[in-house]
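Worksheet: one structure, shown below.
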Amino acid sequence: MVGVLIVTHNGIGDEMLRTAETFVGKHLPEALSIAIPGDLSPDQLGGHADRIKQAIESLDHGDGVLILTDMLGATPSNLAHYFANDHAVKILSGLNLPMLVRVINYADRDLDQLARAGIQGGNRGITLESDL
């Protein structure tokens, strides 16, 4: 089973995971969330990078890890990308609740399929209400 690692600013990932699991009514069996402080100082980067590396290693049981980050180019995303070449991971940025709900619903898929499902959920969850 693909592991899911959520890396976000502050406690966003924890709250989104808890909310999505409540909506769906089931838990992601292999999921962790790491909160990166919004006021992170440069001397703290190494410790958070180590946490991400350890989480990837603990979640990857041979099927890879899908990493969800809140914002491309921000510290959580940059730290996740640092380890992307060393492990079987896919990274999706722009985490939103519909993306996470979709990932939970398709958690039994392989890494590529799960990443595509997450993108579809995230994209379909962004609308202009007057277009509905």
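Each reported figure results from applying straightforward, stated rules to the coordinates on display, with no laboratory input. Since we're looking at a predicted model, the values are computed, not measured. For neighbour counting, all protein chains shown are included, and Cβ atoms are generated from backbone atoms with ideal geometry for every residue, glycine included.
Amide H contacts of residue 89: 65, each under 5 Å away and 5 or more positions distant or on a separate chain (H built 1.01 Å from N in the peptide plane; Pro and chain starts excluded).
Each label was represented as a point 7 Å from its Cα along the Cα-to-Cβ direction; for residue 45 and residue 63 these points are 3.4 nm apart. Scanning the chain for DSSP H helices at least 15 Å long along the axis (C-alpha atoms) with a Kyte-Doolittle mean no lower than -1.0 picks out 12-24, 45-59, 111-124. Once the Cβ-Cβ distance of residue 78 and residue 14 is raised to the sixth power relative to R0 = 22 Å, the FRET efficiency obtained is 0.65. Between (1) 45, 38, 25; (2) 47, 34, 25; (3) 51, 27, 19, which matches Cα extents along the principal axes in Å calculated for the structure shown? Label of the calculated value: (2). Amide H to amide H, with H built 1.01 Å from N, residue 6 comes under 5 Å of 32, 33, 34, 68, counting only residues 5 or more places away or on other chains. The Kirkwood hydrodynamic radius of the stretch 24-85, based on inverse pair distances between different Cα atoms, is 12.7 Å.
Taking amide H as placed 1.01 Å from N in the peptide plane, residue 94 has its amide H under 5 Å from the amide H of 69, 70, 71, 72, each at least 5 places away in sequence or on another chain.
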